[in-house]
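To start, the structure under review is shown below, and the notes come after it.
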Amino acid sequence: HGQTGGTVDWPLVPADLRHVWKHFTSLDTVDPQRTAVVGASIGANLALTTGADQPSIRTVVLLSPGLDYRGVATENPLQQYGQRPILIVASEEDTYAADSARTLADLAQGESQLEIYNGAGHGTNMFGPQPDLSPLILDWLATNLN
């Protein structure tokens, strides 16, 4: 979130993620045909843009996505993402993320699962009050990467 200095320009991050993804999938320990991206908050939006940009990504998991966080929008990337499965999670009192999550789930073209919690907070903060969130994500990944 800008702590490395310089000007933060979130819409430029997807280009950086292409380089990261190329390096990641070149590692001997990574099967590039069995990959997923998980992100929270603006990281959820970036996970979806990376999934849209990389057709080999089999699934994405979005925690507290927004339709547009700091210029990183999700509707067009969701269309590009196509028929691949997507898990979307938000919490009801985080109204922007919950509303965005519902919209994205409605727009999903392939298999989608929407989980809306109550009182769980935003992004990675949901792991504390929702102990079933980790198993939900792990089960989703096991199902969609095998």
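For Arg70, Arg58, what's the largest-to-smallest order of accessible area, 1.4 Å probe? Please list the in-between numbers first.
Values: Arg70 165, Arg58 75 Å².
Solvent-accessible surface, decreasing: Arg70, Arg58.
Quick one, what does Rg over Rh come out to for the range 34-105 if you take C-alpha atoms and the Kirkwood Rh? Please list the in-between numbers first.
Numbers: Rg = 10.9 Å, Rh = 11.6 Å.
Dividing the radius of gyration by the Kirkwood radius yields 0.94.
In nanometres, what is the gap between the two model label sites at Thr29 and Asn118, each 7 Å from Cα along Cα-to-Cβ?
With each label placed 7 Å out from Cα toward Cβ, I get 4.2 nm.
Among bridges DSSP assigns within the chain, what percent are antiparallel (round to 5)? Please report the intermediate quantities before stating the final value.
Working: 2 of 18 bridges.
Given both bridge residues lie in the chain, the antiparallel proportion sits at roughly 10 percent.
Quick check: Cα centre of the range 58-77 to Cα centre of the range 27-51, how many Å?
Centre-to-centre distance over Cα atoms comes out at 12 Å.
What number do you get for the chain when its Cα radius of gyration is normalised by 2.2 N^0.38 Å, N = residues?
Working: Rg = 14.7 Å, N = 146, 2.2 N^0.38 = 14.6 Å.
Here the Cα radius of gyration is 1.01 times the empirical estimate.
Enumerate the amide H contacts of Val38 below 5 Å, restricted to partners 5 or more residues apart or on another chain; note that Pro and chain-start residues carry no placed amide H.
Distant-sequence amide H within range of Val38: Val61.
Using θ = phi - 60° and the Karplus form 6.51 cos²θ - 1.76 cosθ + 1.60, what ³J(HN,Hα) does each residue of the range 116-127 get, whole Hz, x for Gly and Pro?
Those phi angles translate into 10, 8, 10, x, 9, x, 10, x, 5, 4, 5, 5 Hz.
Please go through the range 1-42 and write out the trypsin sites (Lys or Arg not before Pro) that DSSP classes as loop and that have at most 16 other C-beta atoms within 10 Å.
On the way: sites: Arg18, Lys22, Arg34; in loops: Arg34.
Listed in order of number, the matching sites are Arg34.
Using the C-alpha gyration tensor of the range 1-76, what are the square roots of 5 times its eigenvalues, in whole angstrom, with the largest one first? Walk me through the numbers before you get to the answer.
Values: eigenvalues 93, 49, 20 Å².
Listed largest to smallest, the semi-axes of the range 1-76 are 22, 16, 10 Å.
Take every Cα pair under 8 Å in the range 34-146 that's 6+ residues apart, average their separations, divide by the length, and report that relative contact order as a whole percent.
On the way: 244 pairs, mean separation 27.7, N = 113.
With pairs under 8 Å counted, the relative contact order is 25 percent.
Can you list residues whose amide H is under 5 Å from Glu93's amide H, if they're 5+ apart or on another chain and H is modeled 1.01 Å from N?
Close amide H contacts, sequence-distant or interchain: Gly119, Ala120, Gly121.
Please express the shape of the range 86-146 as an equivalent ellipsoid: the semi-axes are the square roots of 5 times the eigenvalues of the C-alpha gyration tensor, given largest first in whole angstrom. Write out the running numbers ahead of the final one.
Working: eigenvalues 72, 56, 8 Å².
Working from the Cα gyration tensor, I get semi-axes of 19, 17, 6 Å.
What order, most packed first, do the peptides 132-138, 82-88 have when packing is the mean number of other Cβ atoms within 10 Å of each residue? Before the final figure, lay out the partial values.
Values: 132-138: 13.0, 82-88: 19.3.
Descending mean neighbour count gives 82-88, 132-138.
The values are calculated or read from the model by the stated rules, or taken from the named source; none is laboratory data. Everything numeric here is computed off the predicted structure, so don't read it as measured data. With ideal geometry, Cβ positions are generated from the backbone for all residues, glycine too; neighbour counts draw on all protein chains shown. Heavy atoms of the whole protein, side chains included, go into the accessibility calculation; ligands, DNA and RNA do not. Shrake-Rupley method; radii C 1.70, N 1.55, O 1.52, S 1.80 Å.
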